[in-house]
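Undergrad: The following block contains the structure, expressed as structure tokens.
The values are calculated or read from the model by the stated rules, or taken from the named source; none is laboratory data. Since this is a predicted model, take the numbers as computed values, not measurements. Don't worry about glycine lacking a Cβ; one is built from the backbone with ideal geometry, like all the others, and counts go over all protein chains shown. For the accessible areas, the whole protein counts, side chains as well, though only heavy atoms, and no ligand, DNA or RNA atoms are used. Shrake-Rupley method; radii C 1.70, N 1.55, O 1.52, S 1.80 Å.
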Amino acid sequence: MANRLECIDAGTDYCPCYLAELNECIVCSQLQGKNFCDCNWRGVCIFQEFVWAGYKAKATRSTIFSKVLKREEINEEIIILTLKVPNKMARDLNEPGSFVFLRGISSPPFFDTPMSVMYADELEGIIKIAIQVSGPKTKLIQKAEEGEEVYLRGPYWNGLLGHRYIKGTHNSKALVVLRGIAQAPGVIVISKLLNNKNKVITIVDKGKVGVNFINDYLKEFNITTIETDLLSEEGQRILKELIKDKEITVVYSGGSDEQHVNILNYLDLYNQEAYLAVSNNNTICCGEGICGSCEVQIGDQKIRTCKVQVDIRKALERKMLHG
């Protein structure tokens with residue numbers, strides 16, 4: 001029997017979506033072409049919402065113009081854009097794993113690039129995006145100057161696997177491990193953990209980008225921060241010793257899949273009770289579960305990882321075995 005899947009958009013303004021119209025809904029059995037209800041969703045009935053919406057997708061994410069309020073060049077590879085967005089969108093994006101699609105104002109739609117949100121302020125109606133310039137899409141975004149506009153589409157939330165562990169951990173102790181450009185989404189993760197009254201220890205590895213560009217946020221959080229090279233013996237020793245701390249109940253890994261596996265192995269050895277949440281490193285193209293670019297096969301199920309919260313261990317094992 002196939003496992004029931006958890007859709008990140010279920011119960012939001014964007015549910016039911018296009019998939020419901022095509023009998024491809026991730027959660028609702030009746031919107032998968034079956035004649036009976038066999039879902040594990042505990043919110044408002046998705047099928048009923050579909051009926052109320054006139055048997056159509058309820059809402060779609062539209063592409064908007066977003067003004068570049070500030071442009072910071074951190075180094076040759078990294079720029080940080082402060083973008084103006086509607087206040088509601090800023091509120092929606094102030095969640096762990098949130099991301100948007102960006103593209104330069106002169107670019108066609110297939111230049112849309114998923115970008116993690118580093119910071120969101122719903123009162124000011126702004127978000128901050130850290131961009132690693134590495135190819136044609138990001139080079140066109142890099143050209144945007146202050147006062148100019150870019151195309152932006154969102155909000156999306158499945159940039160993190162293990163939402164329930166970040167949101168559900170209260171009055172405990174957490175370890176956040178960040179490397180390279182994956183420092184960016186770590187800021188909102190840390191903020192969420194602190195809001196839930198957790199004590200947070202953060203390891204930051206500059207990685208290939210060569211800079212700790214979230215240092216100002218970390219100082220503001222007033223948390224224990226350790227800068228190290230995670231690929232060195234010293235970095236591995238620090239990581240291992242922190243994971244051995246039985247008071248740590250959740251670990252977030254922002255970095256490569258190899259880093260996720262490294263941490264998972266240490267958890268298996270030294271702290272099997274702790275939960276693991278990780279950055280979603282799958283290829284994301286449309287964000288709507290339509291195109292299949294993010295699809296992975298786990299067991300007998302094909303899973304759209306831009307929308308589905310997958311089992312982290314199974315997803316990592318599949319990637320390490322099959323590439």
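Undergrad: Note down the relative contact order for the chain as a percent, whole number, built from C-alpha pairs under 8 angstrom at least six residues apart.
TA: After rounding, I find 16 percent.
Undergrad: Using the alpha carbons of the chain, what is the convex hull volume per residue in cubic angstrom, as a whole number? Numbers along the way, then the final one.
TA: Values: hull volume 46.1 nm³, N = 323.
With only Cα atoms used, the chain gives 143 Å³ per residue.
Undergrad: OK, next. Helix-only estimate, please: 222 nm mean residue ellipticity of the chain, summing -39500 (n - 2.57) across DSSP H runs of length 4 or more and dividing by its residues, to the nearest 500. Could you put the intermediate results ahead of the total?
TA: Values: 10 runs with 87 residues, N = 323.
Calculated mean residue ellipticity at 222 nm is -7500 deg cm²/dmol.
Undergrad: In the P(r) worked out for the range 6-53, what percent of Cα pairs fall beyond 12 Å? Spell out each step's value before the answer.
TA: On the way: 620 of 1128 pairs.
That tail contains 55 percent of the Cα-Cα pairs.
Undergrad: To continue, here is another question. Could you work out the relative contact order of the range 160-281? I mean the mean sequence separation of Cα pairs under 8 Å and 6+ apart, divided by the number of residues, in percent. Write out the running numbers ahead of the final one.
TA: Numbers: 211 pairs, mean separation 40.9, N = 122.
Taking the mean separation of contacting Cα pairs over the length of the range 160-281, I get 34 percent.
Undergrad: Another one. With springs connecting C-alpha atoms under 10 Å apart, model the chain as a Gaussian network and identify which of 196, 158, 222 has the largest mean-square fluctuation.
TA: In the Gaussian network model the winner is 222.
Undergrad: Now a separate question. Say the cut-off is 23 Å between C-alpha atoms; which of 70/137; 70/197; 173/244; 84/143; 34/302; 173/208 go over it?
TA: On the way: 70/137 20 Å; 70/197 32 Å; 173/244 12 Å; 84/143 17 Å; 34/302 18 Å; 173/208 29 Å.
Table pairs above 23 Å Cα-Cα are 70/197; 173/208.
Undergrad: At each listed q (0.09, 0.13, 0.14 Å⁻¹), what is the log10 of I(q)/I(0) that the Debye formula gives for the range 160-281 modelled as equal alpha-carbon point scatterers?
TA: Those come out to -0.20, -0.43, -0.50, one per q.
Undergrad: Let me ask another. Can you work out the accessible area per residue across the range 221-323, with the rest of the protein chains kept in place, probe 1.4 Å, in square angstrom? Please report the intermediate quantities before stating the final value.
TA: On the way: 5200 Å² over 103 residues.
Ligands and nucleic acids excluded, the result is 51 Å² per residue.
Undergrad: How would the range 45-183 be classified by its alpha-carbon gyration tensor: rounded, prolate or oblate, with rounded meaning a/c under 1.5 and the a/b versus b/c comparison settling the rest?
TA: Values: a/c = 1.91, a/b = 1.19, b/c = 1.61.
Oblate is the answer for the range 45-183, as a/c is 1.5 or above yet b/c matches or exceeds a/b.
Undergrad: Also, quick follow-up: Ignoring GluC sites (Glu not before Pro) that are buried or in helix or strand per DSSP, and keeping those with at most 15 other beta carbon atoms within 10 Å, what is the longest stretch of the chain between them? Mind showing how you got there, number by number?
TA: Details: sites that count: 24, 76, 124, 145, 146, 148, 247, 273.
With GluC sites (Glu not before Pro) excluded where exposed in loops, the chain gives 149-246 as its longest stretch.
Undergrad: Follow-up. Note down the relative contact order for the range 17-164 as a percent, whole number, built from C-alpha pairs under 8 angstrom at least six residues apart.
TA: Numbers: 299 pairs, mean separation 36.7, N = 148.
Once divided by the residue count of the range 17-164, the mean separation gives 25 percent.
Undergrad: Leaving out ligands and nucleic acids, note down the accessible area per residue over the range 63-156 with a 1.4 angstrom probe, in whole Å². All intermediate terms of the calculation are to be shown ahead of the outcome.
TA: Numbers: 4190 Å² over 94 residues.
The answer is 45 Å² per residue.
Undergrad: Run through the range 265-318 and list the chymotrypsin sites (Phe, Trp or Tyr not before Pro) located in a DSSP loop whose Cβ has at most 14 other Cβ atoms within 10 Å. Show your work: numbers first, answer last.
TA: Values: sites: 266, 270, 275; in loops: none.
Counting only loop positions with at most 14 other Cβ atoms within 10 Å, none of the chymotrypsin sites (Phe, Trp or Tyr not before Pro) in the range 265-318 qualifies.
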